[in-house]
Amino acid sequence: MLLAFSVAPSGQPAAGTVSVDGSVHDAVAEAVKIVRESGLPNQTDSMFTTIEGEWDEVFDVVKRATEAVGKYGSRVSLVIKADIRPGYTGELTGKVERLENAINKAGE
């Protein structure tokens with residue numbers, strides 16, 4: 001499964017976790033660190049972090065990342081999109097490679 005998620009705090013943060021510029025980058029950094037330490041294939045861009053793995057292991061990482069962000073606010077916003085395709089692995093890069101090949105082929 002591929003699972004893309006975005007997590008961000010809102011509401012009143014715990015003491016000592018306020019960003020001077022109102023950014024949530026410190027909270028997001030904690031979440032991404034958990035993802036990277038999970039050992040699962042992952043990729044982060046400006047909007048989402050995508051993880052590849054089995055259902056239980058992927059959702060465990062998302063849960064831990066969400067809990068880490070929770071200390072930065074009294075609420076947490078979590079957006080999830082999943083591509084569940086049993087029997088397939090390597091899709092984190094495979095889907096993009098197939099897309100690029102199609103684009104290159106269309107340009108010929």
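What follows is calculated from the coordinates using simple rules that are stated; it is not laboratory data. Owing to the predicted nature of the structure, the values given are computational and were not obtained by experimental measurement.
For the chain, the longest principal axis of the C-alpha atoms and the axis of helix 91-106 are separated by about 50°.
Counting only DSSP H runs of at least 4 residues, each contributing -39500 (n - 2.57), and dividing by the residue count of the chain, the helix-based mean residue ellipticity at 222 nm comes to -13500 deg cm²/dmol.
Were the residues from Val96 through Trp55 laid out at 0.36 nm apart, the gain over their Cα-Cα distance would be 12.6 nm.
Seen from all directions on average, the chain presents a Cα convex hull projection of 8.3 nm². Counting lysine pairs in the chain whose alpha carbons fall under 26 angstrom apart, excluding pairs fewer than 8 residues apart on the same chain, gives 10.
Once the chain from Lys81 to His25 is taken as fully extended at 0.36 nm per residue, the excess over their C-alpha distance is 18.1 nm. Helix 25-37 axis versus longest C-alpha principal axis of the chain: approximately 50°, rounded to the nearest ten.
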